[in-house]
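Have a look at the structure below, then the notes.
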Amino acid sequence: DLSLLRFISAELTRGYFLEHNEAKYTERRERVYTCMRIPKELEKLMFFGIFLCLDAFLYVFTLLPLRVFLAMFRFITLPCYGLRDRRLLQPAQVCDVLKGVILVICYFMMHYVDYSMMYHLIRGQSVIKLYIIYNMLEVADRLFSSFGQDILDALYWTATEPKERKRAHIGVIPHFFMAVLYVFLHAILIMVQATTLNVAFNSHNKSLLTIMMSNNFVEIKGSVFKKFEKNNLFQMSNSDIKERFTNYVLLLIVCLRNMEQFSWNPDHLWVLFPDVCMVVASEIAVDIVKHAFITKFNDITADVYSEYRASLAFDLVSSRQKNAYTDYSDSVSRRMGFIPLPLAVLLIRVVTSSIKVQGVLAYVCVVLFYCGLISLKVLNSIVLLGKSCQYVKEAKMEEKLFNPVLTATPGKPAGKQQSMFKSTQGISTDENGSTSVTNQPVHQKENTPSLLVTSNSDQFLTTPDGEEKDINQDSSELKHRSSKKDLLEIDRFTICGNRID
(Lines give C-alpha, C1' and ligand atoms only; values in the text may rest on other atoms or scores of the structure.)
Protein backbone atom coordinates (compact mmCIF):
# COMPACT_ATOMS: atom_id res chain seq x y z
CA ASP A 1 0.00 0.00 0.00
CA LEU A 2 2.19 2.89 -1.30
CA SER A 3 1.21 6.42 -0.47
CA LEU A 4 2.88 9.75 0.05
CA LEU A 5 1.80 9.82 3.70
CA ARG A 6 3.37 6.42 4.40
CA PHE A 7 6.60 7.48 2.65
CA ILE A 8 6.87 10.66 4.74
CA SER A 9 6.06 8.69 7.91
CA ALA A 10 8.79 6.18 7.11
CA GLU A 11 11.33 8.95 6.48
CA LEU A 12 10.50 10.56 9.82
CA THR A 13 10.43 7.40 11.94
CA ARG A 14 12.88 4.93 10.35
CA GLY A 15 15.79 3.84 12.53
CA TYR A 16 19.29 2.48 12.01
CA PHE A 17 21.92 0.84 14.24
CA LEU A 18 25.54 2.04 14.08
CA GLU A 19 26.70 -0.91 16.20
CA HIS A 20 26.08 -3.21 13.25
CA ASN A 21 29.19 -1.65 11.65
CA GLU A 22 31.18 -1.10 14.81
CA ALA A 23 34.63 -1.64 13.26
CA LYS A 24 34.07 0.98 10.57
CA TYR A 25 32.94 3.73 12.91
CA THR A 26 35.62 2.90 15.48
CA GLU A 27 38.21 3.32 12.75
CA ARG A 28 36.74 6.69 11.76
CA ARG A 29 36.84 7.85 15.36
CA GLU A 30 40.48 6.78 15.67
CA ARG A 31 41.28 8.80 12.55
CA VAL A 32 39.81 11.89 14.20
CA TYR A 33 41.88 11.24 17.33
CA THR A 34 44.98 10.73 15.17
CA CYS A 35 44.45 14.09 13.44
CA MET A 36 44.05 15.70 16.86
CA ARG A 37 47.33 14.17 18.04
CA ILE A 38 49.31 15.16 14.94
CA PRO A 39 50.05 18.79 15.99
CA LYS A 40 51.47 17.71 19.34
CA GLU A 41 53.56 14.81 18.01
CA LEU A 42 54.74 16.76 14.96
CA GLU A 43 55.83 19.76 17.00
CA LYS A 44 57.75 17.47 19.37
CA LEU A 45 59.68 16.15 16.38
CA MET A 46 60.14 19.65 14.95
CA PHE A 47 61.32 21.02 18.29
CA PHE A 48 63.88 18.25 18.69
CA GLY A 49 65.02 18.50 15.07
CA ILE A 50 65.40 22.30 15.17
CA PHE A 51 67.69 22.02 18.17
CA LEU A 52 69.70 19.37 16.31
CA CYS A 53 70.14 21.83 13.43
CA LEU A 54 71.01 24.58 15.93
CA ASP A 55 73.67 22.34 17.45
CA ALA A 56 75.26 21.69 14.05
CA PHE A 57 74.97 25.40 13.15
CA LEU A 58 76.60 26.60 16.39
CA TYR A 59 79.39 24.09 15.86
CA VAL A 60 80.62 26.14 12.89
CA PHE A 61 80.99 29.29 15.03
CA THR A 62 82.24 27.78 18.29
CA LEU A 63 84.05 24.45 18.22
CA LEU A 64 85.20 24.42 14.59
CA PRO A 65 87.60 27.40 15.01
CA LEU A 66 89.05 25.79 18.14
CA ARG A 67 89.49 22.45 16.38
CA VAL A 68 91.18 24.17 13.42
CA PHE A 69 93.51 25.95 15.85
CA LEU A 70 94.42 22.66 17.55
CA ALA A 71 95.04 21.00 14.17
CA MET A 72 97.32 23.84 13.04
CA PHE A 73 99.13 23.77 16.39
CA ARG A 74 99.75 20.04 15.94
CA PHE A 75 101.02 20.65 12.40
CA ILE A 76 103.42 23.38 13.54
CA THR A 77 104.77 21.51 16.57
CA LEU A 78 105.02 18.15 14.81
CA PRO A 79 108.81 18.41 14.14
CA CYS A 80 109.38 18.76 17.89
CA TYR A 81 107.93 15.31 18.52
CA GLY A 82 109.31 13.55 15.46
CA LEU A 83 107.43 11.74 12.73
CA ARG A 84 106.29 8.83 14.85
CA ASP A 85 102.95 8.84 13.10
CA ARG A 86 102.66 8.29 9.36
CA ARG A 87 99.99 10.99 9.14
CA LEU A 88 100.76 14.65 9.62
CA LEU A 89 97.16 15.22 10.71
CA GLN A 90 94.40 12.86 11.71
CA PRO A 91 91.48 12.47 9.23
CA ALA A 92 89.12 14.44 11.47
CA GLN A 93 91.68 17.26 11.72
CA VAL A 94 92.09 17.33 7.94
CA CYS A 95 88.31 17.68 7.52
CA ASP A 96 88.22 20.45 10.13
CA VAL A 97 91.00 22.39 8.40
CA LEU A 98 89.24 22.04 5.04
CA LYS A 99 85.97 23.33 6.53
CA GLY A 100 87.76 26.28 8.09
CA VAL A 101 89.62 27.20 4.90
CA ILE A 102 86.42 26.96 2.82
CA LEU A 103 84.62 29.16 5.35
CA VAL A 104 87.33 31.85 5.28
CA ILE A 105 87.70 31.87 1.48
CA CYS A 106 83.94 32.10 0.88
CA TYR A 107 83.63 34.86 3.48
CA PHE A 108 86.15 37.03 1.62
CA MET A 109 84.51 36.18 -1.70
CA MET A 110 81.16 37.37 -0.33
CA HIS A 111 82.62 40.88 0.07
CA TYR A 112 82.47 41.23 -3.70
CA VAL A 113 78.67 40.76 -3.59
CA ASP A 114 76.91 44.07 -2.93
CA TYR A 115 73.86 43.48 -0.75
CA SER A 116 72.48 47.01 -1.24
CA MET A 117 72.65 46.81 -5.01
CA MET A 118 70.97 43.40 -4.93
CA TYR A 119 68.21 44.80 -2.69
CA HIS A 120 67.40 47.70 -5.02
CA LEU A 121 67.61 45.45 -8.08
CA ILE A 122 65.04 43.05 -6.61
CA ARG A 123 62.85 45.87 -5.32
CA GLY A 124 62.51 47.29 -8.83
CA GLN A 125 60.87 44.09 -10.11
CA SER A 126 57.13 43.51 -10.28
CA VAL A 127 55.26 41.49 -7.68
CA ILE A 128 54.49 38.58 -9.99
CA LYS A 129 58.09 38.39 -11.17
CA LEU A 130 59.34 38.33 -7.57
CA TYR A 131 56.86 35.57 -6.72
CA ILE A 132 58.22 33.46 -9.59
CA ILE A 133 61.80 34.20 -8.55
CA TYR A 134 61.08 33.14 -4.98
CA ASN A 135 59.62 29.82 -6.13
CA MET A 136 62.64 29.22 -8.35
CA LEU A 137 64.94 29.97 -5.42
CA GLU A 138 63.19 27.39 -3.25
CA VAL A 139 63.65 24.70 -5.89
CA ALA A 140 67.27 25.70 -6.46
CA ASP A 141 67.95 25.58 -2.71
CA ARG A 142 66.70 21.99 -2.54
CA LEU A 143 68.82 21.01 -5.52
CA PHE A 144 71.90 22.66 -4.02
CA SER A 145 71.32 21.00 -0.65
CA SER A 146 70.88 17.61 -2.30
CA PHE A 147 74.15 17.75 -4.24
CA GLY A 148 76.19 19.92 -1.88
CA GLN A 149 76.82 17.36 0.82
CA ASP A 150 77.97 14.89 -1.84
CA ILE A 151 80.56 17.43 -3.00
CA LEU A 152 81.80 18.00 0.56
CA ASP A 153 81.88 14.28 1.35
CA ALA A 154 83.84 13.64 -1.84
CA LEU A 155 86.38 16.27 -0.76
CA TYR A 156 86.73 14.85 2.75
CA TRP A 157 87.20 11.29 1.49
CA THR A 158 89.64 12.31 -1.22
CA ALA A 159 91.76 14.23 1.31
CA THR A 160 91.78 11.43 3.92
CA GLU A 161 91.75 8.32 1.71
CA PRO A 162 94.61 5.89 2.49
CA LYS A 163 97.48 6.48 0.11
CA GLU A 164 98.08 2.77 -0.44
CA ARG A 165 94.95 2.50 -2.56
CA LYS A 166 94.98 2.98 -6.29
CA ARG A 167 94.23 6.53 -7.38
CA ALA A 168 90.64 6.68 -8.66
CA HIS A 169 89.87 10.38 -8.31
CA ILE A 170 90.73 13.67 -9.96
CA GLY A 171 92.73 14.99 -7.02
CA VAL A 172 92.25 16.99 -3.82
CA ILE A 173 92.72 20.44 -5.41
CA PRO A 174 89.89 20.08 -7.99
CA HIS A 175 87.58 18.72 -5.29
CA PHE A 176 88.52 21.65 -3.05
CA PHE A 177 87.72 24.23 -5.73
CA MET A 178 84.41 22.47 -6.41
CA ALA A 179 83.54 22.68 -2.70
CA VAL A 180 84.47 26.38 -2.51
CA LEU A 181 82.41 27.13 -5.62
CA TYR A 182 79.42 25.24 -4.21
CA VAL A 183 79.49 26.98 -0.81
CA PHE A 184 79.88 30.39 -2.47
CA LEU A 185 77.01 29.86 -4.93
CA HIS A 186 74.74 28.42 -2.25
CA ALA A 187 75.49 31.40 0.02
CA ILE A 188 74.57 33.79 -2.80
CA LEU A 189 71.36 31.84 -3.38
CA ILE A 190 70.38 32.15 0.28
CA MET A 191 71.27 35.85 0.18
CA VAL A 192 68.87 36.38 -2.74
CA GLN A 193 66.19 34.55 -0.74
CA ALA A 194 66.80 36.78 2.27
CA THR A 195 66.78 39.89 0.07
CA THR A 196 63.48 38.91 -1.55
CA LEU A 197 61.96 38.33 1.88
CA ASN A 198 63.32 41.69 3.03
CA VAL A 199 61.69 43.41 0.04
CA ALA A 200 58.40 41.71 0.94
CA PHE A 201 58.68 42.97 4.52
CA ASN A 202 59.34 46.55 3.41
CA SER A 203 56.67 46.74 0.71
CA HIS A 204 53.87 49.16 1.53
CA ASN A 205 50.83 47.05 0.71
CA LYS A 206 52.31 43.73 1.91
CA SER A 207 50.94 42.08 -1.25
CA LEU A 208 54.22 40.29 -2.01
CA LEU A 209 54.46 38.92 1.54
CA THR A 210 50.87 37.68 1.35
CA ILE A 211 51.53 35.96 -1.98
CA MET A 212 54.71 34.36 -0.64
CA MET A 213 52.87 33.04 2.41
CA SER A 214 50.06 31.70 0.23
CA ASN A 215 52.71 29.76 -1.66
CA ASN A 216 53.10 27.59 1.45
CA PHE A 217 49.49 26.48 1.17
CA VAL A 218 50.06 25.48 -2.46
CA GLU A 219 52.52 22.97 -1.02
CA ILE A 220 49.60 21.18 0.61
CA LYS A 221 48.02 20.53 -2.77
CA GLY A 222 51.19 18.91 -4.09
CA SER A 223 51.68 16.65 -1.08
CA VAL A 224 48.52 15.42 0.63
CA PHE A 225 47.07 13.56 -2.35
CA LYS A 226 50.16 11.43 -3.00
CA LYS A 227 50.85 7.98 -1.69
CA PHE A 228 53.33 8.02 1.20
CA GLU A 229 55.16 5.26 3.00
CA LYS A 230 56.63 5.75 6.45
CA ASN A 231 60.11 6.27 5.03
CA ASN A 232 58.87 8.88 2.55
CA LEU A 233 57.11 10.71 5.37
CA PHE A 234 60.34 10.59 7.38
CA GLN A 235 62.14 12.21 4.47
CA MET A 236 59.50 14.94 4.24
CA SER A 237 59.64 15.54 8.00
CA ASN A 238 63.41 16.05 7.85
CA SER A 239 62.98 18.42 4.94
CA ASP A 240 60.37 20.41 6.88
CA ILE A 241 62.69 20.66 9.89
CA LYS A 242 65.51 21.98 7.70
CA GLU A 243 63.18 24.41 5.94
CA ARG A 244 61.79 25.79 9.19
CA PHE A 245 65.23 26.31 10.73
CA THR A 246 66.50 28.00 7.55
CA ASN A 247 63.50 30.34 7.59
CA TYR A 248 64.30 31.30 11.18
CA VAL A 249 67.85 32.25 10.16
CA LEU A 250 66.53 34.18 7.15
CA LEU A 251 64.16 36.11 9.42
CA LEU A 252 67.10 36.90 11.70
CA ILE A 253 69.05 38.26 8.72
CA VAL A 254 66.08 40.36 7.62
CA CYS A 255 65.67 41.82 11.10
CA LEU A 256 69.40 42.64 11.31
CA ARG A 257 69.36 44.45 7.97
CA ASN A 258 66.23 46.41 8.83
CA MET A 259 67.46 47.36 12.29
CA GLU A 260 70.71 48.62 10.77
CA GLN A 261 68.79 50.87 8.37
CA PHE A 262 66.87 52.41 11.28
CA SER A 263 70.00 52.92 13.46
CA TRP A 264 69.03 50.06 15.78
CA ASN A 265 65.89 51.79 16.97
CA PRO A 266 64.02 49.24 19.16
CA ASP A 267 60.68 50.71 18.15
CA HIS A 268 61.15 49.45 14.61
CA LEU A 269 61.45 45.89 15.92
CA TRP A 270 57.79 46.01 16.92
CA VAL A 271 56.93 47.07 13.37
CA LEU A 272 58.59 43.90 12.06
CA PHE A 273 57.13 41.66 14.74
CA PRO A 274 53.66 41.10 13.16
CA ASP A 275 55.20 40.12 9.81
CA VAL A 276 57.63 37.73 11.50
CA CYS A 277 54.77 36.13 13.42
CA MET A 278 52.77 35.76 10.21
CA VAL A 279 55.62 33.97 8.46
CA VAL A 280 56.22 31.61 11.40
CA ALA A 281 52.50 30.93 11.93
CA SER A 282 51.94 30.14 8.26
CA GLU A 283 54.83 27.64 8.30
CA ILE A 284 53.47 25.89 11.40
CA ALA A 285 49.90 25.81 10.07
CA VAL A 286 50.94 24.42 6.69
CA ASP A 287 53.08 21.69 8.28
CA ILE A 288 50.29 20.63 10.64
CA VAL A 289 47.63 20.48 7.92
CA LYS A 290 49.95 18.72 5.48
CA HIS A 291 51.07 16.02 7.90
CA ALA A 292 47.57 15.54 9.34
CA PHE A 293 46.05 14.72 5.96
CA ILE A 294 49.05 12.67 4.77
CA THR A 295 48.73 10.42 7.82
CA LYS A 296 44.95 10.27 7.36
CA PHE A 297 45.02 9.28 3.69
CA ASN A 298 47.83 6.72 4.15
CA ASP A 299 46.60 5.17 7.43
CA ILE A 300 49.74 6.15 9.37
CA THR A 301 49.44 6.53 13.13
CA ALA A 302 50.71 9.53 15.07
CA ASP A 303 53.18 7.28 16.92
CA VAL A 304 55.35 7.26 13.81
CA TYR A 305 56.75 10.67 14.76
CA SER A 306 58.17 9.25 17.97
CA GLU A 307 59.96 6.66 15.80
CA TYR A 308 61.36 9.44 13.63
CA ARG A 309 62.54 11.29 16.71
CA ALA A 310 64.18 8.13 18.01
CA SER A 311 65.93 7.69 14.66
CA LEU A 312 67.40 11.20 14.84
CA ALA A 313 68.39 10.55 18.46
CA PHE A 314 70.06 7.32 17.36
CA ASP A 315 72.23 9.27 14.90
CA LEU A 316 73.33 11.62 17.66
CA VAL A 317 74.15 8.87 20.17
CA SER A 318 76.03 6.76 17.62
CA SER A 319 78.10 9.76 16.51
CA ARG A 320 79.23 10.38 20.09
CA GLN A 321 80.91 6.98 20.37
CA LYS A 322 84.66 6.60 20.11
CA ASN A 323 84.30 4.38 17.05
CA ALA A 324 81.95 6.78 15.26
CA TYR A 325 82.17 6.86 11.47
CA THR A 326 81.51 10.55 10.96
CA ASP A 327 81.14 13.89 12.67
CA TYR A 328 77.69 14.68 13.99
CA SER A 329 77.31 17.90 11.99
CA ASP A 330 77.89 15.91 8.79
CA SER A 331 75.38 13.30 9.98
CA VAL A 332 72.73 16.01 10.35
CA SER A 333 73.60 17.32 6.90
CA ARG A 334 73.07 13.93 5.32
CA ARG A 335 69.91 13.12 7.25
CA MET A 336 68.10 16.45 6.91
CA GLY A 337 69.81 18.06 3.95
CA PHE A 338 70.86 20.95 6.19
CA ILE A 339 74.37 22.14 5.27
CA PRO A 340 75.48 24.81 7.76
CA LEU A 341 78.50 26.20 5.88
CA PRO A 342 76.68 28.40 3.28
CA LEU A 343 74.24 29.71 5.87
CA ALA A 344 77.11 30.42 8.28
CA VAL A 345 79.05 32.31 5.58
CA LEU A 346 76.03 34.51 4.85
CA LEU A 347 75.27 35.18 8.53
CA ILE A 348 78.88 36.15 9.25
CA ARG A 349 78.87 38.43 6.22
CA VAL A 350 75.64 40.16 7.31
CA VAL A 351 76.67 40.50 10.96
CA THR A 352 80.10 41.95 10.17
CA SER A 353 78.59 44.46 7.73
CA SER A 354 75.73 45.44 10.04
CA ILE A 355 77.63 45.73 13.33
CA LYS A 356 80.76 47.87 13.52
CA VAL A 357 83.32 46.86 16.13
CA GLN A 358 85.33 49.87 17.32
CA GLY A 359 87.20 50.36 20.55
CA VAL A 360 88.44 48.08 23.31
CA LEU A 361 85.02 47.73 24.92
CA ALA A 362 83.52 46.50 21.64
CA TYR A 363 86.17 43.79 21.32
CA VAL A 364 85.56 42.75 24.92
CA CYS A 365 81.85 42.40 24.09
CA VAL A 366 82.74 40.26 21.06
CA VAL A 367 84.85 37.96 23.25
CA LEU A 368 82.06 37.70 25.83
CA PHE A 369 79.54 36.99 23.08
CA TYR A 370 81.78 34.23 21.71
CA CYS A 371 82.09 32.69 25.19
CA GLY A 372 78.31 32.85 25.47
CA LEU A 373 77.94 31.02 22.14
CA ILE A 374 80.31 28.30 23.35
CA SER A 375 78.32 27.95 26.57
CA LEU A 376 75.08 27.74 24.60
CA LYS A 377 76.59 25.11 22.28
CA VAL A 378 77.87 22.97 25.17
CA LEU A 379 74.59 23.25 27.09
CA ASN A 380 72.55 22.43 23.99
CA SER A 381 74.76 19.42 23.22
CA ILE A 382 74.50 18.06 26.76
CA VAL A 383 70.71 18.38 26.86
CA LEU A 384 70.35 16.86 23.39
CA LEU A 385 72.59 13.92 24.28
CA GLY A 386 70.61 13.22 27.45
CA LYS A 387 67.28 13.42 25.62
CA SER A 388 68.64 11.27 22.79
CA CYS A 389 69.71 8.53 25.18
CA GLN A 390 66.23 8.64 26.70
CA TYR A 391 64.55 8.34 23.29
CA VAL A 392 66.86 5.50 22.23
CA LYS A 393 66.08 3.56 25.41
CA GLU A 394 62.34 4.14 25.05
CA ALA A 395 62.49 2.83 21.48
CA LYS A 396 64.60 -0.16 22.62
CA MET A 397 67.33 0.56 20.08
CA GLU A 398 70.31 0.24 22.42
CA GLU A 399 71.42 -3.09 21.01
CA LYS A 400 71.56 -1.57 17.51
CA LEU A 401 74.43 0.62 18.71
CA PHE A 402 76.63 -2.40 19.33
CA ASN A 403 75.21 -4.88 16.80
CA PRO A 404 75.87 -3.33 13.38
CA VAL A 405 73.95 -5.03 10.59
CA LEU A 406 76.32 -6.40 7.96
CA THR A 407 75.62 -5.93 4.30
CA ALA A 408 74.63 -9.28 2.81
CA THR A 409 77.09 -10.69 0.31
CA PRO A 410 75.81 -12.39 -2.85
CA GLY A 411 74.76 -15.95 -2.16
CA LYS A 412 74.77 -15.60 1.64
CA PRO A 413 71.81 -14.64 3.75
CA ALA A 414 72.16 -11.80 6.20
CA GLY A 415 71.25 -13.98 9.14
CA LYS A 416 74.41 -16.08 8.90
CA GLN A 417 76.59 -13.00 8.76
CA GLN A 418 74.84 -11.48 11.76
CA SER A 419 75.28 -14.65 13.77
CA MET A 420 78.97 -14.77 12.81
CA PHE A 421 79.41 -11.13 13.80
CA LYS A 422 77.69 -11.64 17.15
CA SER A 423 79.95 -14.55 17.89
CA THR A 424 83.07 -12.45 17.31
CA GLN A 425 82.16 -9.24 19.14
CA GLY A 426 81.40 -8.77 22.80
CA ILE A 427 78.61 -6.53 24.04
CA SER A 428 79.05 -4.55 27.21
CA THR A 429 76.12 -4.79 29.61
CA ASP A 430 75.30 -3.28 32.93
CA GLU A 431 74.51 -5.09 36.17
CA ASN A 432 70.90 -5.71 35.16
CA GLY A 433 71.96 -7.35 31.91
CA SER A 434 70.64 -4.63 29.60
CA THR A 435 72.87 -3.00 27.04
CA SER A 436 73.94 0.52 27.98
CA VAL A 437 73.97 3.38 25.51
CA THR A 438 76.96 5.11 27.08
CA ASN A 439 79.20 2.05 27.26
CA GLN A 440 81.63 1.18 24.49
CA PRO A 441 81.83 -2.21 22.81
CA VAL A 442 84.45 -4.62 24.09
CA HIS A 443 87.51 -4.94 21.88
CA GLN A 444 87.75 -8.09 19.80
CA LYS A 445 90.24 -10.76 20.57
CA GLU A 446 93.52 -10.75 18.70
CA ASN A 447 92.93 -14.06 16.98
CA THR A 448 89.50 -12.95 15.69
CA PRO A 449 89.44 -11.74 12.10
CA SER A 450 88.36 -8.11 11.75
CA LEU A 451 85.14 -7.54 9.87
CA LEU A 452 84.29 -4.50 7.79
CA VAL A 453 80.90 -3.23 8.90
CA THR A 454 78.77 -0.41 7.73
CA SER A 455 77.75 2.56 9.81
CA ASN A 456 74.86 2.17 12.21
CA SER A 457 73.37 5.48 11.12
CA ASP A 458 73.57 4.36 7.50
CA GLN A 459 71.73 1.12 8.23
CA PHE A 460 68.93 2.27 10.52
CA LEU A 461 66.16 4.39 9.09
CA THR A 462 62.91 3.75 10.92
CA THR A 463 61.23 1.00 12.79
CA PRO A 464 59.90 -1.49 10.24
CA ASP A 465 56.18 -1.70 9.62
CA GLY A 466 54.40 -4.48 11.45
CA GLU A 467 56.18 -7.12 13.47
CA GLU A 468 59.92 -7.83 13.41
CA LYS A 469 60.97 -10.21 10.65
CA ASP A 470 63.00 -13.24 11.56
CA ILE A 471 66.68 -12.60 10.84
CA ASN A 472 67.19 -16.08 9.39
CA GLN A 473 65.56 -15.50 6.02
CA ASP A 474 66.29 -17.32 2.82
CA SER A 475 68.15 -15.79 -0.09
CA SER A 476 65.07 -15.43 -2.27
CA GLU A 477 63.36 -13.12 0.20
CA LEU A 478 66.50 -11.00 0.45
CA LYS A 479 66.62 -10.63 -3.31
CA HIS A 480 62.93 -9.68 -3.34
CA ARG A 481 63.50 -6.85 -0.85
CA SER A 482 66.92 -5.69 -2.03
CA SER A 483 65.66 -3.20 -4.59
CA LYS A 484 63.33 -1.46 -2.15
CA LYS A 485 66.05 -1.25 0.50
CA ASP A 486 68.50 0.27 -1.95
CA LEU A 487 65.92 2.85 -3.00
CA LEU A 488 65.29 3.84 0.58
CA GLU A 489 68.99 4.12 1.28
CA ILE A 490 69.30 6.59 -1.58
CA ASP A 491 66.00 8.24 -0.76
CA ARG A 492 66.85 9.46 2.68
CA PHE A 493 69.80 11.50 1.37
CA THR A 494 67.50 13.20 -1.16
CA ILE A 495 65.13 16.03 -0.31
CA CYS A 496 64.12 16.95 -3.88
CA GLY A 497 60.58 15.59 -3.93
CA ASN A 498 59.20 12.30 -2.66
CA ARG A 499 59.92 9.10 -4.51
CA ILE A 500 57.04 6.67 -4.49
CA ASP A 501 57.44 2.94 -4.98
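For the reader, a short list of remarks on this structure follows.
- Pair list, Cβ < 8 Å and 6+ apart or interchain, from segment 271-283 residues that are under 17 Å from Val218 (Cβ atoms) to residues that are loosely packed, with under 14 Cβ neighbours inside 10 Å and hydrophobic (A, V, I, L, M, F, W, C): Ser282/Phe217
- Boolean, Leu66 is loosely packed, with under 12 Cβ neighbours inside 10 Å and under 27 Å from the mean Cα position of the chain (by Cα): yes
- Selection status of Gln93, surrounded by 13 or more Cβ atoms within 10 Å (Cβ to Cβ) and either of a type in the set (A, V, I, L, M, F, W, C) or closer than 29 Å to Asn380 by Cα (or both): yes
- Residues (surrounded by fewer than 17 Cβ atoms within 10 Å (Cβ to Cβ) and part of a helix (DSSP H, G or I)) located in segment 291-304: Phe293, Lys296, Phe297
- Selection count, segment 12-43, where residues are outside any helix (DSSP H, G or I) and open to solvent by less than 70 Å² (accessible area, probe 1.4 Å): 1
- Candidate set from segment 373-401 (those that are under 18 Å from the mean Cα position of the chain (by Cα) and hydroxyl-bearing (Ser, Thr, Tyr)); member that is nearest to Cys53 (Cα to Cα): Ser381
- For segment 265-290, the set of residues classified as of a type outside the set (A, V, I, L, M, F, W, C), open to solvent by 30 Å² or more (accessible area, probe 1.4 Å) and part of a helix (DSSP H, G or I) consists of Pro266, Asp267, Pro274, listed by residue number.
- Any chance Ile173 is of a type in the set (Val, Ile, Thr) and open to solvent by 50 Å² or more (accessible area, probe 1.4 Å): yes
- Just one of (1) over 27 Å from the mean Cα position of the chain (by Cα); (2) closer than 30 Å to Phe338 by Cα; (3) open to solvent by less than 30 Å² (accessible area, probe 1.4 Å) fails for Ser116. It is (3).
- Subset of segment 252-264 that is open to solvent by 10 Å² or more (accessible area, probe 1.4 Å) and not aromatic (Phe, Trp, Tyr) - its residue that is modelled with the lowest pLDDT: Ser263
- The number of residues in segment 1-25 being among the β-branched types (Val, Ile, Thr) and either in contact with a Leu (Cβ under 6 Å, 6 or more places away or on another chain) or under 23 Å from His291 (Cβ atoms) (or both) comes to 0.
The values are calculated or read from the model by the stated rules, or taken from the named source; none is laboratory data. Nothing here was measured: the structure is a model prediction, and the numbers come from that model. As a convention, Cβ positions derive from the backbone with ideal geometry for all residues, glycine included, and neighbour counts pool all protein chains shown. With ligands, DNA and RNA removed, areas are computed over all heavy atoms of the protein, side chains included. Shrake-Rupley method; radii C 1.70, N 1.55, O 1.52, S 1.80 Å.
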